[in-house]
Amino acid sequence: MYFRESILKGSVILLMMCSCSGKPTVREGLIDHYPDFSSNYVVSRNVEVFLPPEYSPDEKYDVLYMHDGQNVFNPHTSYAGVAWEADKALVKLLNEGKIRPAIIVAIWNSPHRLAEYMPNMPAGKIQEALLAHGATDEILSDRYLAFLVEELKPFIDSTYSTKAGPAHTHIMGSSMGGLISFYALACYPEVFGSAACVSTHWPALEGIFVDEVEGLLPSTGNHRIYFDYGTATLDSLYEPFQLRVDSIMVNAGYVKNENWITLRFDGAEHSEVAWKERVHIPLEFLLRKDIND
């Protein structure tokens, strides 16, 4: 059994799911919880699904998949006591008429976060570099993406009323979650139409993956990519790497401020505090109203 969390006028009410036909009326949306969602590819983990206000099975919705799911909605489960509060940011944007309604799927990370989020290309070099840095995990990112595409997404599409095509399927994460978001778009361009890579940790394993970006970029016609970075704490290392990636984007035919954007946030640190402050920006980029099937 799973439970649904109803956020109503700032209060949290836990509603056990039942077979009754009546639906609670809510103001800010609903969050469905799936503890220990199982997989044949990776270890089980919690999954949370935010439904936008006035969600109806008679309508179809975009879906945004977000990594490090314990940090997405709830400060009480987040790494440092601060969450992105992406649900509240989405509702605000909806009320302002800036985006399309969307479902957010928050996928909690596991103890194998580095191995699951580190792109697996070039496979031999990545594994070598990981071992050289003292880590013993096998790179699991291909298996993690298989879990998303072959197990989780079909479940979401069959359980909820979704627009299943790539123009309406998005993925987002920060730091290593930014890396795996880019890798997901690159490996499954027929599944994901856009990715938001926030404070992307390009320096991972001495930046080995940056050399692969050019060969992995999906076609410009049907895909959109958001990058950003700050200038404080760990983010202070990112600009040289991001400038290299920006050059690759230009050479590949991506057009800045149309199907690609890179933003620099002066003084922003590498933390949920900073990402919470600006989460509305990638949400608006991904879910803007002028995107068609």
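Of note:
- In this structure, the amide hydrogen of Asn46, modeled 1.01 Å from its nitrogen in the peptide plane, lies closer than 5 angstrom to those of Asp36, Phe37, Trp108, counting only residues at least 5 positions away or on a different chain.
- The Cβ shell under 13 Å around Val42 holds other residues with a net charge of -4, Lys and Arg each +1, Asp and Glu each -1.
- Electrostatic dipole magnitude of the chain [Cβ: Lys, Arg +1; Asp, Glu -1; Cα centre; debye, to 20]: 700
- A Förster distance of 25 Å, applied to the separation of the beta-carbon atoms of Leu234 and Ser110, puts the FRET efficiency at 0.70.
- Label point at Val273 placed 7 Å out along Cα→Cβ; residues across segment 208-237 whose backbone nitrogen lies under 19 Å: 229-237
- Here is the size of the chain from its Cα atoms: Rg then Dmax, 18.4, 57 Å.
- Eigen-decomposition of the gyration tensor built on the alpha-carbon atoms of segment 189-293 gives equivalent ellipsoid semi-axes of 22, 18, 11 angstrom, largest listed first.
- With at most 15 neighbouring Cβ atoms within 10 Å, loop GluC sites (Glu not before Pro) (DSSP) excluded, longest segment of the chain: 191-257
- Rolling a 1.4 Å probe across all protein chains gives Arg288 an accessible area of roughly 60 Å².
- Computed [θ] at 222 nm, helices only, for the chain once each DSSP H run of length n ≥ 4 contributes -39500 (n - 2.57): -8000 deg cm²/dmol
- Projecting label points 7 angstrom from Cα along Cα→Cβ for Ser38 and Asn222 puts them 3.4 nm apart.
- For Leu30, nonlocal amide neighbours, meaning residues 5 or more places apart or on other chains whose placed amide H falls under 5 Å from its own, are Leu51.
- By accessible area with a 1.4 Å probe, ligands and nucleic acids excluded, highest first: order of Tyr188, Tyr34: Tyr188, Tyr34
- If the convex hull is drawn through the Cα atoms of segment 131-198, its volume per residue in Å³: 93
- Among the listed pairs Lys60/Lys256; Lys153/Lys276; Lys98/Lys163; Lys163/Lys276, those beyond 22 Å (Cα-Cα): Lys60/Lys256; Lys153/Lys276; Lys163/Lys276
- Carbon/sulfur fraction of accessible area - the chain, other protein chains in place, 1.4 Å, %: 52
- Residue among Ala146, Ala132, Ala89 with the largest mean-square fluctuation in a Gaussian network model of the chain, springs linking Cα atoms under 10 Å: Ala132
- Residues of the chain: accessible area per residue with a 1.4 Å probe, Å²: 44
- Once the Cα-Cα distance is subtracted from the 0.36 nm per residue extended length, the Glu206 to Asp157 segment shows a gain of 13.9 nm.
- For segment 108-118, putting each phi into the Karplus relation 6.51 cos²θ - 1.76 cosθ + 1.60 with θ = phi - 60° gives couplings of 5, 7, 10, x, 9, 4, 4, 5, 7, 9, 7 Hz, in residue order, rounded to whole numbers and with x for Gly and Pro.
- Cα centroid of segment 84-126 to Cα centroid of segment 134-208, whole Å: 8
The values are calculated or read from the model by the stated rules, or taken from the named source; none is laboratory data. Here the structure is a predicted model, which means the values were calculated and not measured. Note that each Cβ is placed from the backbone with ideal geometry, even for glycine, and that neighbours are counted across all protein chains shown. For the accessible areas, the whole protein counts, side chains as well, though only heavy atoms, and no ligand, DNA or RNA atoms are used. Shrake-Rupley method; radii C 1.70, N 1.55, O 1.52, S 1.80 Å.
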